[in-house]
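Novice: This is the structure I want to talk about, given as structure tokens.
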Amino acid sequence: MTIIATWEMSFEGVKIAQKLLKENKSNEDAICALINDVELNPEFHTVGYSGYPNEICEVELDAAIINGDNLHFGAVAAMKHIKTPIDVARLLMDSEYSNFISGDGALKFALENGFKKQNLLTGEAKAKYDVEIANKENADKGHDTIGAIIAGNGRVVSATSTSGLFLKREGRIGDSPLVGAGLYADSKVGGATATGVGEDIIKGALSFQVVNLMKSGLSAQEAATKAVEEFDANLKDRGETPRDFSIVCLDKYGNWGAASNISEFPFVVSDGEETKLYVSKNYGRTIEEK
Ligand code: ASP
């Protein structure tokens, strides 16, 4: 089984997920455990508990999961007070309707299903808010999403979780819970997940685009490079200034790719034997082990 995930913060979670897969746990169990490891870590300020807050100093979280066998998905957005939004998203996967819920409705659903209402804002995140809000226009708008894909035994599952953009408008929803933008999976082809500025990733439907390119015959790495580079150029052609975006992807056999329009994009891969941290440079044309 192969796992790929965004950013260095996923390293321990990837190892946990690989261990669970070896114990014959499902791809869904493994990917949620990977994401929970990041959501619950108070040192990571862009996902889950201790995420950086929105402009009114409230932590609002987005998360989603998609099963590439039947394309069932579950997603939550702008949800407050729940430390592990991916687990709430997972509960929505097999509903006939209301697979994607937001705000108070998402919180209500979580509480009805046994989740605890908790404070997500840590002292460190509040201190950062107090410093940056004073100069909001020039604030460091730190953001990163944990996105992961697991492929193996004929199955592909992708998932995401994030606190979104720091100081975002209340109720703002990024790409991460949106199937096609922040994540996609098709067990006949492969999966992809994105991180970076959601407002751009959504416009490019980047995760679906990468899976479609793999479907047309490109390798995982070729698909990631083409999708990111062409979309970056496409925005520039229209006089836009592209913001940061990065992609990781896996084909159904576990071949992987990663590409970004930033100078260095770290990601983690486990092939079942070893877990390694890599860096993607130059739209994925250079991949270095770190
Ligand atoms: N894509 C996330 C969002 O826009 C943030 C990130 O991945 O950096 O909410």
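The values are calculated or read from the model by the stated rules, or taken from the named source; none is laboratory data. Since this is a predicted model, take the numbers as computed values, not measurements. Don't worry about glycine lacking a Cβ; one is built from the backbone with ideal geometry, like all the others, and counts go over all protein chains shown. In case anyone asks, the SASA skips ligands and DNA or RNA and just uses the protein heavy atoms, side chains included. Shrake-Rupley method; radii C 1.70, N 1.55, O 1.52, S 1.80 Å.
Novice: Which one of these is in contact (Cβ under 8 Å) with a residue 40 or more places away in the chain and of a type outside the set (A, V, I, L, M, F, W, C): G154, G114?
Specialist: Answer to the selection: G154.
Novice: When you look at L120, is it open to solvent by less than 50 Å² (accessible area, probe 1.4 Å) and either aliphatic (A, V, I, L, M) or modelled with pLDDT under 95 (or both), yes or no?
Specialist: So L120 passes the test.
Novice: Would you check if S280 is under 17 Å from S158 (Cα atoms) and either under 17 Å from the mean Cα position of the chain (by Cα) or surrounded by 18 or more Cβ atoms within 10 Å (Cβ to Cβ) (or both)?
Specialist: So S280 fails the test.
Novice: Okay, next question. Within region 256-274, restricting attention to residues that are more than 19 Å from the chain's Cα centre (by Cα) and touching a residue at least 60 places away in the same chain (Cβ under 8 Å), which residue is surrounded by the most Cβ atoms within 10 Å (Cβ to Cβ)?
Specialist: D271
Novice: For region 84-108, which residues satisfy the criterion of being open to solvent by 50 Å² or more (accessible area, probe 1.4 Å) and closer than 16 Å to A148 by Cβ?
Specialist: R90
Novice: Now for a separate question. Look at region 130-188 and say how many of its residues are under 30 Å from K215 (Cβ atoms), more than 16 Å from the ligand (Cβ to nearest atom) and among the small types (G, A, S).
Specialist: 5
Novice: For the list (1) surrounded by 22 or more Cβ atoms within 10 Å (Cβ to Cβ); (2) closer than 30 Å to K22 by Cα, I need the number of the one condition that H143 fails.
Specialist: Exception for H143: condition (2).
Novice: Filter region 168-195 down to the residues that are on the phi > 0 side of the Ramachandran plot and open to solvent by 20 Å² or more (accessible area, probe 1.4 Å) and list them by number.
Specialist: The one that is on the phi > 0 side of the Ramachandran plot and open to solvent by 20 Å² or more (accessible area, probe 1.4 Å): G171.
Yes/no per residue for (1) in contact with a strand residue (DSSP E or B) (Cβ under 8 Å, 6 or more places away or on another chain); (2) surrounded by 19 or more Cβ atoms within 10 Å (Cβ to Cβ):
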{"site": "A159", "(1), (2)": "yes, yes"}
{"site": "S163", "(1), (2)": "yes, yes"}
{"site": "F166", "(1), (2)": "no, yes"}
{"site": "E222", "(1), (2)": "yes, no"}
{"site": "T225", "(1), (2)": "yes, yes"}
{"site": "D251", "(1), (2)": "yes, yes"}
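Novice: Could I ask something else about it? Looking for whichever is touching a residue at least 24 places away in the same chain (Cβ under 8 Å), touching a helix residue (DSSP H, G or I) at 6+ places or on another chain (Cβ under 7 Å) and among the β-branched types (V, I, T) here; the options are V179, V210, V197. Which one fits?
Specialist: Of the residues listed, the single one that is touching a residue at least 24 places away in the same chain (Cβ under 8 Å), touching a helix residue (DSSP H, G or I) at 6+ places or on another chain (Cβ under 7 Å) and among the β-branched types (V, I, T) is V210.
Novice: Among the residues of region 61-83, write down those that are open to solvent by 10 Å² or more (accessible area, probe 1.4 Å), in contact (Cβ under 8 Å) with a residue 60 or more places away in the chain, on the phi < 0 side of the Ramachandran plot and in a loop (DSSP other than H, G, I, E, B).
Specialist: D69
Novice: Can you tell me which residue in region 241-266 is farthest from the ligand (Cβ to nearest atom), limited to those that are farther than 12 Å from I201 by Cα and among the charged types (D, E, K, R)?
Specialist: This residue is K252.
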